[in-house]
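Chemist: One structure, as structure tokens, below. Some questions next.
The values are calculated or read from the model by the stated rules, or taken from the named source; none is laboratory data. Remember, predicted model here, so these are calculated numbers, not experimental data. Quick reminder, even Gly has a Cβ in these numbers, built from the backbone with ideal geometry, and neighbours come from all protein chains shown.
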């Protein structure tokens with residue numbers, strides 16, 4: 001207990017522990033880099049959710065041991081993410097195991113129905129993404145890619161450089 005009054009102690013402890021945990025997370029991000037909370041891979045997404053959950057747990061800790069364990073778990077997540085990123089960079093095989101491949105869902109105005117089925121993307125969701133990207137006609141679409149993060153990128157205009165589709169699985173495989 002920080003304060004003798006149990007009611008005030010709950011509020012005070014919540015504020016103090018949350019502030020300490022936030023400082024700890026900021027320190028870990030400074031050490032590990034901004035990539036810590038990016039959405040580049042599904043691994044990064046899980047990291048973000050897990051740290052958020054641990055941060056919430058830290059703010060509700062009822063003992064210093066529980067609080068310290070939560071901080072250690074956060075550090076462990078950052079270490080695992082750093083290690084996985086290093087291993088992915090060193091090994092193409094490991095990268096393919098950890099990271100999904102981006103997939104072309106549409107190319108040059110043609111929707112790849114097989115790709116939609118494989119990736120479990122509904123046609124209506126694809127069309128909604130086209131509207132969000134201000135596509136006025138399918139013929140304007142050079143490519144639609146389901147990214148490794150689950151985001152959908154819409155490339156439209158007069159042409160699309162092949163470099164933008166490097167490493168992307170396509171329907172004509």
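Chemist: Exactly one condition in (1) surrounded by fewer than 16 Cβ atoms within 10 Å (Cβ to Cβ); (2) touching a residue at least 12 places away in the same chain (Cβ under 8 Å); (3) within 22 Å of the chain's Cα centre (by Cα); (4) more than 24 Å from residue 43 (Cα to Cα) is not met by residue 138; state its number.
Modeler: (3)
Chemist: Let me ask something additional. Looking at residue 4 and the list (1) in contact (Cβ under 8 Å) with a residue 24 or more places away in the chain; (2) not in a helix (DSSP H, G or I), which single condition is not satisfied?
Modeler: Residue 4 satisfies all of (1) in contact (Cβ under 8 Å) with a residue 24 or more places away in the chain; (2) not in a helix (DSSP H, G or I) except (1).
Chemist: Scanning segment 152-169 for residues that are touching a residue at least 24 places away in the same chain (Cβ under 8 Å) and part of a loop (DSSP other than H, G, I, E, B), which turns out farthest from residue 135 (Cα to Cα)?
Modeler: Across segment 152-169, the extreme among qualifying residues is 167.
Chemist: Are there any pairs, at least 6 apart or on different chains, whose C-beta atoms fall under 6 Å, with the first in segment 16-45 and closer than 22 Å to residue 153 by Cα and assigned by TED's automatic domain parsing to the domain that holds residue 72 and the second surrounded by fewer than 14 Cβ atoms within 10 Å (Cβ to Cβ) and at pLDDT 75 or above, and if so, which?
Modeler: That search, which allows pairs on different chains as well, returns nothing.
Chemist: Filter segment 90-103 for residues that are in a helix (DSSP H, G or I) and modelled with pLDDT under 85 and give the result.
Modeler: Hits for segment 90-103 are 92, 93, 94, 95, 96, 97, 98.
Chemist: If the requirement is being at pLDDT 90 or above, in contact with a strand residue (DSSP E or B) (Cβ under 8 Å, 6 or more places away or on another chain) and loosely packed, with under 13 Cβ neighbours inside 10 Å, which of these qualifies: 123, 131? Write out each step before concluding.
Modeler: Numbers: 131 fails: in contact with a strand residue (DSSP E or B) (Cβ under 8 Å, 6 or more places away or on another chain).
Unique residue meeting the criteria: 123.
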